[in-house]
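Notes follow the structure.
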Amino acid sequence: MNKHSQQLMTLYEISKLLGASLDLNKTLKGAMRVLSDFLDMQRGTVALVEGGEVIIKAAHGLTIEELQLGRYKLGEGIIGQVAKSGYPIVVPNVGDEPVFLNRTGSRKNIKKNNIAFLCVPIVFKSNVLGVLSVDRLFADEGASFDADLRLLKIIASLLAQHIKLSRQVENEVQELIAERDTLKIELKGRYRIENVIGKSPIMQEVFEAVHKVAGSKATVLITGESGTGKELIAKAVHYMSPRAKQPFIKLNCASIPEGLLETELFGHEKGAFTGAASVRRGRFELAHKGTIFLDEIGDLSLGLQPKILRVIQEREFERVGSEKTIKVDVRVIAATAKDLVQMVGEGNFREDLYYRLNVVPMFLPPLRQRTEDIGELIDFFLDKFNKENSEDVEISPEAVRAMAEYSWPGNIRELENTIERIVIMSPGKTVQPQNLPLNIRTLTGKVYEHRIMPLDQAEKDGIIEALKTTEWVHAKAAKLLGITPRQIGYKVKKYGIGKGIS
Ligand SMILES: Nc1ncnc2c1ncn2[C@@H]1O[C@H](COP(=O)(O)OP(=O)(O)OP(=O)(O)O)[C@@H](O)[C@H]1O
Ligand SMILES: [Mg+2]
């Protein structure tokens, strides 16, 4: 290869390298390697101007220690002079040059007078960014370095653009990192619980309490209207606690007949009563090392309240039909939609039990008091039921607005059921306000209906909606509608409403 094509190859290789990466250290080192591979150069360095100094950043042929010594003040030595003046310097014979500092000490084994030192500034828009220098071995006295110098100048200008670009990118990355960190700080103090929606300040307080209390064994009492997420929060406390891998045992104090509640809670021995053919472990025993969730605690009969009180106090009990005391390690979480304070006042709930339960109270606000969360809840459930039903139903902003105005007496459960129904009933559609269930349309105070519906039909629809919302529990549906259970029973009969209806 002749000298000219060798130089072209060098340029080609270096520009390829600079185009491949913005990692300045990597590309500068690579450029040095290319220089030494293609040209007859002993060593090469790139030094960059940083804070009034010129610091060697990459080199070929220098050890790490030598590299670390490569630091010059502006104007100091040849590298310092080139950095200061912005003009190249060629030292035809290092041995003859007194300014030559040999700071890095790397030339001690070479006879100084065989080496020429070529040094060019790296300039971008008349700013000196650094210095590129190479040691060139030469054989003949009086050899010309013009061609080398031209090549180095071209390489230096390529490097200049690259340095500028990578610094710019580096600045942008730093800015992004700073931005991310500020965002993180802003998000700090924002509590999150997986699969629980609640950006509203009032829910954030609940989330904060959950985070704080999860690590402890403290008894938690969750109150709030029907469908506000009491069970969901009870589970969050359990699954965020160190007991997460142990059982979460639920006992619904309202749904078990009083006569059976005791065996449900504490279990029974074989032969404890007729029909007790074998030993049965109760919920407290099953919950050992885990959490017991006493749901609808306000429905616990006065007769059973002292027994629960004892387990909560002593963490011990006996199976029905046994004298043997069983000790358990359980965390207790209780929930109710009832007003326990009022019940205590009326003598229907033991005060001592109330205080035992109310160690960490958590109140879940009704949905109408956290309308900020409605949009996100709608998205959350829409996504869930679209996935479940392989649907792609959308809800128009007007319909979302109508739903935000509705009072949601059945709270999140009612919203969840509503969205499920919407997804099933409106395949492939964008839901408009007039497609919403009647109770939402009428109870928002606005009538989105175009056609006139007979009053009876509206009433029947409203009752069906309420029954579906409350999973066909008449008493709950009646409460939702603000009528008595007797009245709802009468209307169910009148309209021939059955569970199969949709
Ligand atoms: N913040 C929330 N984010 C997402 N889903 C929620 C939220 N709160 C409640 N839900 C969902 O709403 C439904 C009702 O919640 P949950 O059963 O916990 O309410 P509850 O207060 O125990 O009601 P009830 O008093 O009727 O027993 C559940 O399907 C639950 O997953
Ligand atoms: Mg519940």
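Any read-out appearing in this document is the output of simple, stated calculations on the displayed coordinates, not a laboratory observation. Predicted, not measured: the structure shown is a model, and the values here were computed from it. Virtual Cβ from ideal backbone geometry, glycine too; neighbours counted across all protein chains shown.
In table form, for the structure just shown:
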| item | result |
| --- | --- |
| Normalised alpha carbon radius of gyration of the stretch 367-451 [divisor 2.2 N^0.38 Å] | 1.00 |
| Phe349 long-range amide H proximity, modeled H, under 5 Å | Val344 |
| Extension reserve of the Lys199-Glu471 stretch, reckoned as 0.36 nm per residue once the Cα distance is removed | 95.1 nm |
| Hz values of 3J(HN,Hα) by residue in the stretch 195-206 - Karplus curve (6.51, -1.76, 1.60), Gly and Pro given as x | 6, 10, 8, x, 7, 4, x, 5, 7, 4, 5, 5 |
| Taking Tyr354, Tyr239 and counting other C-beta atoms within 10 Å, the order from fewest to most | Tyr239, Tyr354 |
| Crossing angle, helix 3-20 versus the chain [Cα axis fit, 0-90 degrees, rounded to tens] | 20 degrees |
| Order of Phe273, Phe138 - criterion: other Cβ atoms within 10 Å of each residue's Cβ, fewest first | Phe273, Phe138 |
| DSSP-defined beta bridges in the chain - what % are antiparallel, rounded to 5 | 65 percent |
| Ranking of Phe349, Phe145 by count of other Cβ atoms within 10 Å, fewest first | Phe145, Phe349 |
| Additional length obtainable on full extension of the chain from Ser36 to Val341, 0.36 nm per residue less Cα span | 101.2 nm |
| Inter-label distance for Lys384 and Gln487, nm, one decimal - labels placed 7 Å from Cα along Cα-to-Cβ | 3.1 nm |
| Sequence-distant residues sharing a close amide H with Gly227 (under 5 Å, placed H) | none |
| Helix 230-239 axis, angle to the chain major axis (alpha carbon atoms, nearest 10°) | 50 degrees |
| Expected 222 nm ellipticity per residue - DSSP helices of 4 or more, -39500 (n - 2.57), all of the chain, to 500 | -14000 deg cm²/dmol |
| Inter-label distance, nm, simple model (7 Å from Cα along the C-beta direction), Ile497/Ala254 | 1.8 nm |
| Potential extension, Ser278-Leu149 segment - 0.36 nm per residue separation minus Cα distance | 36.5 nm |
| Along principal axes, Cα extents of the stretch 3-171, largest first, whole Å | 44, 38, 30 |
| Nearest-ten-degree value, helix 411-425 long axis tilted from longest Cα axis of the chain | 80 degrees |
| Debye, to nearest 20: dipole size of the stretch 3-171, +1 on Lys, Arg Cβ, -1 on Asp, Glu Cβ | 300 debye |
| Among 155-166, 288-299, the order from most to least packed when residues are scored by Cβ within 10 Å on average | 288-299, 155-166 |
| Anisotropy class of the chain from Cα gyration tensor, a/c 1.5 cut | prolate |
| The chain: relative contact order as a whole-number percent, Cα under 8 Å and 6+ apart | 9 percent |
